[in-house]
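Below is one structure, written out as structure tokens; comments come after it.
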Amino acid sequence: MSQLDAAQFPVRTFGGPTALFEYGGLRFLTDPTFDGPGDYPSSGPTLTKTAPSAATPADLGRVDVVLLSHDEHADNLDTSGRALLADVPLTLTTPGGGERLGGRAKGLADWESVELERPGGGTVTVTGVPAIHGPGPREEVEPFAGQVVGFVLTGEGLPTVYVSGDNASLDAVREIAERFAPVDTAILFAGAPRFPMLFDGGLIVLDSAQAAEATRILGARHVVPVHHDSWAHFTEGRDELEAAFAAAGLTDRLDADWLQRA
């Protein structure tokens with residue numbers, strides 16, 4: 001097996017930002033969203049889900065940790081996702097989200113880490129990393145779009161994994177790369193979501209070209225795109241992602257299973 005193959009592992013995606021993977025013997029779920037299609041009012045624009053999830057919470061099996069980029073929007077945490085949190089031993093999220101969710105939720109500030117015991121001995125370290133949910137400086141974005149967090153997972157003998165969360169900032173990606181690059185697997189939230197009434201229609205998460213550039217910055221060997229389907233405010237999908245990675249000469253970094261799914 002090549003070094004590249006050894007650093008890869010299966011990531012199951014279910015639509016929107018929701019993905020499941022095993023790492024160090026622990027099973028991690030990102031941003032759980034399993035509610036059906038329809039309109040989801042929020043404090044800002046109404047969010048419209050256009051397709052059902054590819055699974056239900058009952059299909060997942062054991063989940064040890066939820067990595068939640070933020071709790072304030074239904075396209076990252078919906079009603080069924082909130083219910084699921086009650087059965088998960090640990091949810092890692094933003095500092096504000098940790099306070100709002102309470103219970104088994106823990107907020108991580110930028111560069112704050114938590115060590116998790118692995119079933120076979122040893123630990124997995126999860127580090128909260130910067131993410132900005134819109135264009136511009138964090139202090140200008142957060143009052144309108146809220147606080148978000150990304151995650152980096154590391155452990156002895158394990159690949160380095162980056163989960164971007166709802167991040168629109170390549171400057172944040174560069175900060176992360178300075179500490180953790182090269183990254184073995186990057187789960188990149190993309191989709192180029194926009195709202196005309198928010199930030200003058202500016203991007204609130206990476207577009208396809210930026211996802212390819214983030215891959216280059218991180219030196220990511222294996223990329224699983226999520227957050228590019230199932231919601232009406234996502235303006236770019238699979239076709240645009242494939243085209244952007246091809247234009248950047250990075251098609252070989254895209255997850256083979258993701259590429260095969262139509």
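The values are calculated or read from the model by the stated rules, or taken from the named source; none is laboratory data. Worth saying up front: this structure is predicted, and the values here are computed from it rather than measured. In this analysis, Cβ positions are derived from the backbone assuming ideal geometry, glycine residues included, and neighbour counts consider all displayed protein chains.
Values for this structure:
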| quantity | calculated |
| --- | --- |
| Matching residues in region 241-253 - criterion: being buried (at least 16 other Cβ atoms within 10 Å of the Cβ) and more than 26 Å from GLU175 (Cβ to Cβ) | GLU242 |
| Qualifying positions in region 180-238 - farther than 16 Å from LEU250 by Cα and hydroxyl-bearing (Ser, Thr, Tyr) | SER230, THR235 |
| Hits in region 37-52 - residues which are in contact with a strand residue (DSSP E or B) (Cβ under 7 Å, 6 or more places away or on another chain) and surrounded by 12 or more Cβ atoms within 10 Å (Cβ to Cβ) | PRO37, TYR40, GLY44, PRO45, THR46, LEU47, THR48, LYS49, THR50 |
| Residue selected from region 83-104 under the condition within 14 Å of PHE151 (Cβ to Cβ) and among the aliphatic types (A, V, I, L, M), by the criterion surrounded by the most Cβ atoms within 10 Å (Cβ to Cβ) | LEU92 |
| Meets criteria (modelled with pLDDT of 95 or more, assigned to a helix (DSSP H, G or I) and of a type in the set (Gly, Ala, Ser)) for GLY81 | yes |
| For LEU158: the one exception among (1) modelled with pLDDT of 95 or more; (2) out of contact with any Gly (no Cβ under 9 Å at 6 or more places or on another chain); (3) part of a loop (DSSP other than H, G, I, E, B); (4) of a type in the set (A, V, I, L, M) | (2) |
| Residues of region 6-34 that turn out to be farther than 18 Å from ILE204 by Cα, in a loop (DSSP other than H, G, I, E, B), touching a strand residue (DSSP E or B) at 6+ places or on another chain (Cβ under 7 Å) and modelled with pLDDT of 95 or more, as a count | 2 |
| Candidates VAL173, VAL205, VAL226 - the one that is out of contact with any His (no Cβ under 9 Å at 6 or more places or on another chain) and closer than 22 Å to SER53 by Cα | VAL226 |
| Selection from region 136-155 of residues that are modelled with pLDDT of 95 or more, out of contact with any Leu (no Cβ under 7 Å at 6 or more places or on another chain) and either under 17 Å from ASP71 (Cα atoms) or in a loop (DSSP other than H, G, I, E, B) (or both) | VAL148, GLY150, GLY155 |
| Residue in region 203-216 that is modelled with pLDDT under 95 and surrounded by fewer than 21 Cβ atoms within 10 Å (Cβ to Cβ) present | yes |
| Residues of region 239-253 satisfying the condition of being under 28 Å from GLY36 (Cα atoms) and touching a strand residue (DSSP E or B) at 6+ places or on another chain (Cβ under 8 Å) | LEU241, GLU242 |
| Residue tally, condition charged (D, E, K, R), loosely packed, with under 14 Cβ neighbours inside 10 Å and assigned to a loop (DSSP other than H, G, I, E, B), over region 53-66 | 1 |
| When residues of region 161-172 are limited to those that are touching a helix residue (DSSP H, G or I) at 6+ places or on another chain (Cβ under 9 Å) and outside any loop (DSSP other than H, G, I, E, B), the one surrounded by the fewest Cβ atoms within 10 Å (Cβ to Cβ) | LEU170 |
| One residue from ASP257, ASP252 being under 24 Å from ARG12 (Cβ atoms), in contact (Cβ under 8 Å) with a residue 40 or more places away in the chain, assigned to a helix (DSSP H, G or I) and of a type outside the set (Phe, Trp, Tyr) | ASP257 |
| Residue count for region 173-217, restricted to those that are touching a residue at least 24 places away in the same chain (Cβ under 8 Å) and outside any helix (DSSP H, G or I) | 23 |
| Number of the condition not met by PRO225 [criteria: (1) of a type outside the set (Phe, Trp, Tyr); (2) in contact with a Gly (Cβ under 7 Å, 6 or more places away or on another chain); (3) surrounded by 24 or more Cβ atoms within 10 Å (Cβ to Cβ); (4) outside any loop (DSSP other than H, G, I, E, B)] | (2) |
